[in-house]
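This report refers to the structure that appears directly beneath it.
The values are calculated or read from the model by the stated rules, or taken from the named source; none is laboratory data. Predicted model only: the values in this text are computed from it and were never measured. In this analysis, Cβ positions are derived from the backbone assuming ideal geometry, glycine residues included, and neighbour counts consider all displayed protein chains. All accessible areas refer to the heavy atoms of the entire protein, side chains included, with ligands and DNA or RNA removed. Shrake-Rupley method; radii C 1.70, N 1.55, O 1.52, S 1.80 Å.
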Amino acid sequence: MTRLSTETLAALPSDVVRPAYDRSAVKCGVVHIGIGAFHRAHQAVVFDNALNAGDLRWGIIAASLRSPSVRDQMQPQDGLYTMLVRDGAAEQARIIGAVQRVIVAPEEPQALLDALASPDTHIVTLTITEKGYKLDPATGALIESDAQMAADLQSLDAPQTAPGYLVAALAMRRAAGLPPFTAISCDNLPHNGARLRGAVLELARRHDVSLADWIAEEGAFPETMVDRIVPATTPEDIAALATRIGVEDQAMVKTEPFLQWVIEDRFCGPRPDFGAGVQLTGAVAPWEEAKLRLLNGAHSGIAYLGGLACINHVHEVLALPEARHFVEALWDEAETTLSPPPELDVAAYRHELMARFDNPTLRHRTRQIAMDGSQKLPQRLLAPVAARLAAGQGIDALSLATAAWIRWQAGRDDKGDAFTVDDPLSASIAAALSKAANPADLVAAILSFDAVVPPILAQDGRLHASLTHWLTLLEKRGALGALADFRG
Ligand code: CS2
């Protein structure tokens with residue numbers, strides 16, 4: 001079937017929204033590292049909005065640090081793709097034209113370095129997932145034993161990691177007399193800007209102290225909170241879109257109407273006049289914390305409990321009254337640990353969040369959210385657990401969600417079917433758990449796993465008892481039984 005491309009753009013049905021600007025006149029002011037579906041449905045849309053508003057500096061050169069698959073999907077389409085916004089029965093299709101080129105870094109490392117070092121580049125955004133920063137989730141220190149980070153610590157001639165590319169390119173910019181770019185982490189990490197800055201400065205310092213000083217003084221690493229639910233595209237989605245628009249689009253993304261990007265107002269160079277969905281603020285942390293603990297915390301709980309119960313999608317889990325009760329209880333617990341920004345009405349946010357989770361047309365897979373739990377749990381569940389225990393408060397719901405994650409590590413659902421635990425630490429977690437014979441021992445083994453569990457929780461008897469209670473129940477009665485018991 002014919003593919004979406006510059007040539008086929010004109011023939012699309014009239015209700016498909018198209019770029020309102022001349023793509024050939026666009027300059028690339030943005031380099032994005034980690035071009036997955038989330039970038040295409042979030043930051044790329046924000047820059048596309050700036051282009052549509054007539055500021056042609058904000059095209060994107062995107063890079064993948066690993067797989068060529070997105071490049072192979074987008075290149076035959078001249079970088080064009082459809083964003084399908086689904087809200088119940090309503091569906092809007094919009095073609096995004098912001099991405100001008102996709103580089104597969106292992107194939108063309110110099111091309112990525114040149115893009116990062118170009119005078120046109122003002123902003124670098126990153127969606128490399130939690131594990132891409134090569135930082136210990138519990139302590140935030142650089143993981144020097146990571147093979148790719150070890151290579152970048154040796155030499156930056158052919159960088160392997162995202163921090164490695166940034167440092168090598170910043171050195172090129174400094175040598176060329178150019179200012180640094182503003183580097184914006186768009187991953188669900190607490191203090192993502194500070195973490196990215198920490199990784200970059202530490203790596204730079206190991207190579208050239210004066211470079212690290214220059215980056216520290218002249219560079220900018222704003223904190224951000226990013227929010228939009230973007231489920232992975234399925235072959236059925238691609239086939240349905242082809243029927244609707246008459247051409248095949250292998251790079252399409254599907255998402256919800258909601259989009260939020262809260263960015264710390266700290267840029268070291270030009271930025272667009274950000275439009276809909278973007279807030280510039282002095283303090284991102286309260287936003288970030290609320291989003292990580294309410295949205296992402298509930299997501300992880302739903303993913304592990306639903307996944308164990310063999311329920312494939314988020315909205316299907318929430319069709320169960322006991323699951324809704326659990327989510328509300330988890331939010332009640334998490335809420336007391338927040339210092340929400342004055343503009344955030346937490347009750348309204350929770351209400352809206354439930355409606356977003358309920359969106360039946362998104363079909364967000366529990367398995368997708370369950371991925372990389374070791375990287376996600378500390379900020380989503382363990383941080384509010386620590387805060388509540390410190391305040392002498394109960395942790396029932398947070399603990400049930402955490403116990404479901406522990407149970408998930410066994411790689412078996414409640415029907416007894418095996419699955420692969422998709423997590424960078426799955427082998428070491430499995431090794432740590434291998435000698436444990438009962439729930440209490442499993443919990444003790446997890447609590448002493450210091451790459452995930454902060455020291456303050458490792459010895460906490462209340463947490464040990466609560467996790468053991470829920471894990472025992474999960475083993476005996478399955479996730480649905482545990483949820484029913486939780487509801488009482
Ligand atoms: C999800 C997030 O997969 C996950 O871990 O919790 O991707 C979530 O959908 C986004 O953070 C929403 O903004």
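Here are some notes:
- Flag for residue 163 being touching a residue at least 24 places away in the same chain (Cβ under 8 Å), assigned to a helix (DSSP H, G or I) and in contact with a Lys or Arg (Cβ under 8 Å, 6 or more places away or on another chain): yes
- Residue identified as within 23 Å of the chain's Cα centre (by Cα) and open to solvent by less than 20 Å² (accessible area, probe 1.4 Å) among 44, 37: 44
- Residue count for the stretch 335-355, restricted to those that are in a helix (DSSP H, G or I), among the aliphatic types (A, V, I, L, M) and within 16 Å of the ligand (Cβ to nearest atom): 3
- Residue within the stretch 244-256 that is within 16 Å of the ligand (Cβ to nearest atom) and without any contact (Cβ under 8 Å) to a residue 60 or more places away in the chain present: no
- Residues being part of a loop (DSSP other than H, G, I, E, B) and open to solvent by 10 Å² or more (accessible area, probe 1.4 Å) - total across the stretch 47-60: 5
- Residue within the stretch 279-291 that is within 16 Å of the ligand (Cβ to nearest atom), part of a loop (DSSP other than H, G, I, E, B) and not aromatic (Phe, Trp, Tyr) present: yes
- Of all residues in the stretch 39-63, none that is hydroxyl-bearing (Ser, Thr, Tyr) has its Cβ atom under 8 Å from the Cβ atom of a residue that is surrounded by fewer than 24 Cβ atoms within 10 Å (Cβ to Cβ), 6 or more apart or on another chain.
- Scanning the stretch 437-465 for residues that are over 30 Å from the mean Cα position of the chain (by Cα) and modelled with pLDDT of 95 or more yields 438, 439, 440, 441, 461, 462, 465.
- Candidates 358, 332: the one that is open to solvent by 40 Å² or more (accessible area, probe 1.4 Å) and away from the ligand (no atom under 16 Å from the Cβ) is 332.
- The set of residues in the stretch 175-190 being more than 16 Å from the ligand (Cβ to nearest atom), open to solvent by 30 Å² or more (accessible area, probe 1.4 Å) and in a loop (DSSP other than H, G, I, E, B) consists of 176, 177, 178, 179.
- Filter result (under 23 Å from residue 166 (Cβ atoms) and not in a loop (DSSP other than H, G, I, E, B)) within the stretch 17-36: 28, 30, 31, 32, 33
- Within the stretch 318-334, the set of residues being free of Cβ contacts under 8 Å to residues at least 40 places away in the same chain and assigned to a loop (DSSP other than H, G, I, E, B) comprises just one member, 319.
Here's the yes/no breakdown for (1) within 30 Å of residue 11 (Cα to Cα); (2) touching a helix residue (DSSP H, G or I) at 6+ places or on another chain (Cβ under 6 Å); (3) surrounded by fewer than 16 Cβ atoms within 10 Å (Cβ to Cβ):
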position: 225; (1), (2), (3): no, yes, no
position: 232; (1), (2), (3): yes, yes, yes
position: 237; (1), (2), (3): yes, no, no
position: 247; (1), (2), (3): yes, no, no
position: 254; (1), (2), (3): yes, yes, no
position: 273; (1), (2), (3): no, no, yes
position: 282; (1), (2), (3): no, no, yes
position: 288; (1), (2), (3): no, no, no
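- Residues satisfying the stated conditions in the stretch 420-435, i.e. open to solvent by 30 Å² or more (accessible area, probe 1.4 Å) and hydrophobic (A, V, I, L, M, F, W, C): 425, 427, 430, 431, 432
Per-residue answers, yes or no, for (1) of a type in the set (A, V, I, L, M); (2) more than 21 Å from residue 63 (Cα to Cα):
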| residue | (1), (2) |
| --- | --- |
| 129 | no, no |
| 146 | no, yes |
| 154 | no, yes |
| 163 | no, no |
| 168 | yes, no |
| 185 | no, no |
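- Pick from the stretch 368-388, criterion near the ligand (Cβ under 10 Å from one of its atoms) and either open to solvent by less than 40 Å² (accessible area, probe 1.4 Å) or assigned to a helix (DSSP H, G or I) (or both), ranking: nearest to residue 422 (Cα to Cα): 372
- Looking across the stretch 402-429, the residues that are among the hydrophobic types (A, V, I, L, M, F, W, C) and closer than 17 Å to residue 137 by Cβ come down to 405, 406, 408, 421, 425, 427, 429.
- Test: residue in the stretch 132-149 that is outside any loop (DSSP other than H, G, I, E, B), more than 24 Å from the chain's Cα centre (by Cα) and farther than 17 Å from residue 31 by Cα: no
- Residue 274 vs. criteria within 16 Å of the ligand (Cβ to nearest atom), more than 18 Å from residue 387 (Cβ to Cβ) and part of a loop (DSSP other than H, G, I, E, B): no
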